[in-house]
Amino acid sequence: MLAKMTAKNQLTLPKAAVEAAGNPEYFEIEVRAGQLLLTPVRLQRADAVRARLAELSLTEDDLADAVAWARRAAAPVREVAEPAARYGKARPAKPRKPRT
């Protein structure tokens, strides 16, 4: 089978070859004696995340605290009406254009 390298170093693999390899999303690339060897890889994303958390010594409590903090930070901001005293009277609302 033949594959073509684009000007942006992208390689399009023949559909039959990818299907025969089980339709993987990722490949491990190895160079051997001037040849590229592609090996299908199935990523275990959850395992990778757990490994990274272990490297950082993060506990479940740390994660729970981080999620709670993020949810507080993402809480919607309440709009506060400007006081009428600042303008001497209440400002009329600007008319909105209808969406089309």
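The values are calculated or read from the model by the stated rules, or taken from the named source; none is laboratory data. Given the structure is predicted, the values throughout are model-derived calculations rather than measurements. Glycine also receives a Cβ, built like all others from the backbone with ideal geometry; neighbour counts cover every protein chain displayed.
Remarks
- Residues in segment 27-46 that are more than 17 Å from the chain's Cα centre (by Cα) and not in a strand (DSSP E or B): ALA33, GLY34, ARG42.
- All of (1) in a loop (DSSP other than H, G, I, E, B); (2) at pLDDT 80 or above hold for GLU82 with one exception: (2).
- Top-ranked residue in segment 22-56 [being of a type in the set (A, V, I, L, M) and touching a Ser or Thr at 6+ places or on another chain (Cβ under 9 Å); ranked as modelled with the lowest pLDDT]: LEU53
- Those residues of segment 28-78 which are loosely packed, with under 10 Cβ neighbours inside 10 Å and charged (D, E, K, R), in sequence order: ARG32, ARG42, ARG45, ASP47, GLU55, GLU60, ASP61, ARG71, ARG72, ARG78
- Filter pass, ALA68 being among the small types (Gly, Ala, Ser) and at pLDDT 85 or above: yes
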